[in-house]
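Each remark here refers to the structure printed beneath this line.
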Amino acid sequence: KRIDVKSKEIMEEHQDYSLRGRVFQAIQENILNGVYEENEELRENTIAKELGVSRTPVREALRQLELEGLVKIVPNKGACVTGITKKDVKDIYAVRSMLEGLCARWATEHITNEQIDELEEIILLSEFHLQRRKEGQSQQVTELDGKFHEILYDASNSRILKHVLSDFHKYVRMVRKASVANPERAERSIEEHKDILHAIKNRDANAAEILANAHMMNVMKNLNMKEDI
């Protein structure tokens with residue numbers, strides 16, 4: 001079940017980090033992507049072999065992940081995956097809805113023409129892939145959805161806000177995939193992105209904030225209807 005190649009690919013994607021940072025990123029992404037499942041035991045030796053490192057950076061990464069609430073370390077027993085609970089997801093979206101609204105408000109003040117062009121292109125590509133929905137293309141829609149928000153984070157011109165929202169965005173990755181996998185919700189999400197961008201282009205900060213807030217709340221409502229989330 002373990003995906004050694006994927007783990008090594010994640011390590012390579014984070015070459016700018018220290019060794020401990022790359023190990024942390026690899027384990028974190030495997031947890032958030034569902035490779036390491038909830039309550040699964042995380043053995044230092046096994047993970048070290050998967051990543052091609054010693055046990056020391058793995059042990060340090062697991063301690064850091066415990067601080068983030070993704071891992072639980074039991075003395076004399078080892079570490080296991082805590083993961084993201086249903087309540088965590090609801091809390092994240094409740095907080096994120098307010099911060100996404102603030103992000104959209106600030107973006108109306110600082111967004112560049114290049115960023116507006118990028119957002120428009122993302123919307124067009126999202127519609128294209130949604131219409132050509134074939135096996136595997138939901139992944140592209142999910143990636144474009146994430147890219148839309150990432151550009152807004154940059155456009156907010158706030159390093160702190162971008163950092164917080166990027167972490168939230170990453171922590172609900174599996175949930176976002178499930179939401180966008182619903183064609184009706186994916187289509188509605190693209191329309192909501194259009195409305196947000198329209199408000200930003202018109203420099204209507206109040207409307208942009210309200211629409212971005214509602215966008216997140218709509219995602220949360222969609223998730224509440226799913227028994228498996």
Return the distance in nm (one decimal) between the two label points of a simple spin-label model at Glu143 and Glu191, each offset 7 Å from Cα along Cα→Cβ.
2.7
If amide hydrogens are placed 1.01 Å from N in the peptide plane, which non-local residues have theirs closer than 5 Å to the one on Leu42?
Ala79, Cys80, Val81
If you stretched the chain out fully between Ile73 and Leu19, how much longer would it get, using 0.36 nm times the residue separation minus the C-alpha to C-alpha distance?
17.3 nm
Rounded to whole Hz, the Karplus (6.51, -1.76, 1.60) HN-Hα couplings of the stretch 88-105, x for glycine and proline
4, 4, 4, 5, 4, 5, 5, 6, 4, 4, 6, 6, 5, x, 4, 4, 5, 4
If amide H atoms are built 1.01 Å from N in the plane of the peptide, which residues on other chains or at least 5 residues away come under 5 Å of the amide H of Tyr36?
Ile31
Length added when fully stretched, His198-Asn33, from 0.36 nm per residue minus Cα-Cα
56.1 nm
So if we plug the beta-carbon distance of Arg173 and Asp117 into 1/(1 + (r/R0)^6) with R0 = 30 Å, what FRET efficiency do we get, rounded to 0.05?
0.70
Using 0.36 nm per residue, how much length does the chain from Lys86 to Met98 gain when fully extended, once their Cα-Cα distance is taken away?
2.4 nm
In nm, to one decimal, how far is the Val164 label point from the Glu41 one, both placed 7 Å along Cα→Cβ?
4.0
1.4 Å probe accessible area per residue over the stretch 16-162, in Å²:
54
Give me the Kirkwood hydrodynamic radius of the stretch 65-133 in Å, from all C-alpha pairs, to one decimal place?
16.0
Sparse-neighbourhood loop hits (GluC sites (Glu not before Pro), the stretch 86-167; DSSP loop; Cβ within 10 Å at most 10 others) -> Glu135
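The values are calculated or read from the model by the stated rules, or taken from the named source; none is laboratory data. Please read these numbers as outputs of a predicted model, since none were measured by experiment. Note: ideal-geometry Cβ built from the backbone for every residue, glycine included; neighbour counts use all protein chains shown. SASA here: full protein model, heavy atoms, side chains in, ligands and nucleic acids out. Shrake-Rupley method; radii C 1.70, N 1.55, O 1.52, S 1.80 Å.
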